[in-house]
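I have placed the structure first, in the form of structure tokens, so that the comments after it can refer back to it.
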């Protein structure tokens with residue numbers, strides 16, 4: 001059973017109700033952010049990038065490992081794209097959609113921005129529950145761990161998801177622990193074992209999106225990606241994640257090293 005929660009429509013500015021829901025629970029879910037044609041265009045763009053990276057044998061983008069797996073036919077696929085916006089004009093234009101700026105007040109700092117060249121840039125996750133898949137789930141974690149591992153100040157961060165698949169509870173997907181964005185540092189570090197814990201939590205909320213929906217959650221919020229309970233084509237799901245960030249400008253390049261936390265995640269989520 002999934003816990004019901006309110007969903008919203010994203011207008012020209014956030015409403016008081018939306019802001020209060022985010023401040024209390026740490027997440028928002030907006031319906032119908034993009035239409036079916038744009039969903040298809042984004043998927044097609046990701047497939048073009050995939051063909052290029054598979055053909056080139058690319059291993060990393062700006063120090064971030066590319067996660068490869070096997071599709072249902074046994075062919076190689078990219079299951080986690082980093083900095084996808086730097087590799088296709090359709091994806092680059094989408095990242096500049098002015099509606100993303102509507103979310104900036106949730107951080108509330110003068111230096112709030114889209115991470116075009118920072119963090120992992122635009123990330124596309126492609127989950128498939130099938131033999132050979134290297135990416136069918138992701139253990140409990142917070143995104144704030146990244147700053148701690150890098151030895152920098154814990155700055156406000158929004159993780160904005162644009163969902164490209166219709167999901168039900170049986171398809172797995174994003175699970176959140178509401179309110180944990182207001183926890184102390186000790187709980188952010190030790191409430192669960194980062195990436196190792198996958199168990200259901202009685203307090204978790206299952207995000208159930210339709211293709212074209214947008215979600216946003218606070219980077220300090222504990223969350224995971226649950227594995228689909230169905231397999232094969234029915235388990236396929238794609239989501240784009242966009243970092244809305246603040247703090248010191250820290251762009252990455254092809255000379256950037258692979259952070260320790262990403263090496264750890266790569267061996268605990270196969």
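The values are calculated or read from the model by the stated rules, or taken from the named source; none is laboratory data. From a predicted model like this one, the values you see are computed outputs, not experimental measurements. Cβ: placed from backbone, ideal geometry, glycine included. Neighbour counts: every protein chain shown.
Taking the criterion of being within 16 Å of the chain's Cα centre (by Cα) and either more than 23 Å from residue 157 (Cα to Cα) or modelled with pLDDT of 95 or more (or both), would at least one residue in region 184-204 satisfy it? Checked region 184-204: no residue is within 16 Å of the chain's Cα centre (by Cα) and either more than 23 Å from residue 157 (Cα to Cα) or modelled with pLDDT of 95 or more (or both). Out of 22, 33, which single residue is within 18 Å of residue 214 (Cα to Cα), part of a helix (DSSP H, G or I) and touching a strand residue (DSSP E or B) at 6+ places or on another chain (Cβ under 7 Å)? Being within 18 Å of residue 214 (Cα to Cα), part of a helix (DSSP H, G or I) and touching a strand residue (DSSP E or B) at 6+ places or on another chain (Cβ under 7 Å) holds for just one of 22, 33, which is 22.
Which of the residues that make up region 100-128 are assigned to a loop (DSSP other than H, G, I, E, B), on the phi < 0 side of the Ramachandran plot and either free of Cβ contacts under 8 Å to residues at least 12 places away in the same chain or surrounded by 21 or more Cβ atoms within 10 Å (Cβ to Cβ) (or both)?
Scanning region 100-128 gives 110, 115, 120, 122, 128.
Take the conditions in contact with a strand residue (DSSP E or B) (Cβ under 9 Å, 6 or more places away or on another chain) and modelled with pLDDT of 90 or more and apply them to residue 168. Does it pass? So residue 168 does not fit the description; no. I'd like the residue in region 1-36 that is without any contact (Cβ under 8 Å) to a residue 60 or more places away in the chain and touching a helix residue (DSSP H, G or I) at 6+ places or on another chain (Cβ under 7 Å) and, out of all such residues, is farthest from residue 170 (Cα to Cα). Ranking the candidates gives 8 first.
Could you check, for region 213-228, whether at least one of its residues is assigned to a strand (DSSP E or B), modelled with pLDDT of 90 or more, crowded, with 18+ Cβ neighbours inside 10 Å and out of contact with any strand residue (DSSP E or B) (no Cβ under 6 Å at 6 or more places or on another chain)? For region 213-228, residues assigned to a strand (DSSP E or B), modelled with pLDDT of 90 or more, crowded, with 18+ Cβ neighbours inside 10 Å and out of contact with any strand residue (DSSP E or B) (no Cβ under 6 Å at 6 or more places or on another chain): present.
Find the residue count for region 158-175, including only residues that are in contact with a helix residue (DSSP H, G or I) (Cβ under 8 Å, 6 or more places away or on another chain) and either under 10 Å from residue 218 (Cβ atoms) or part of a loop (DSSP other than H, G, I, E, B) (or both). Residues in region 158-175 being in contact with a helix residue (DSSP H, G or I) (Cβ under 8 Å, 6 or more places away or on another chain) and either under 10 Å from residue 218 (Cβ atoms) or part of a loop (DSSP other than H, G, I, E, B) (or both): 4 in total.
Every residue, every condition in (1) within 21 Å of residue 64 (Cα to Cα); (2) in contact with a strand residue (DSSP E or B) (Cβ under 8 Å, 6 or more places away or on another chain), yes or no:
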| site | (1), (2) |
| --- | --- |
| 100 | no, yes |
| 123 | yes, yes |
| 155 | yes, yes |
| 187 | no, no |
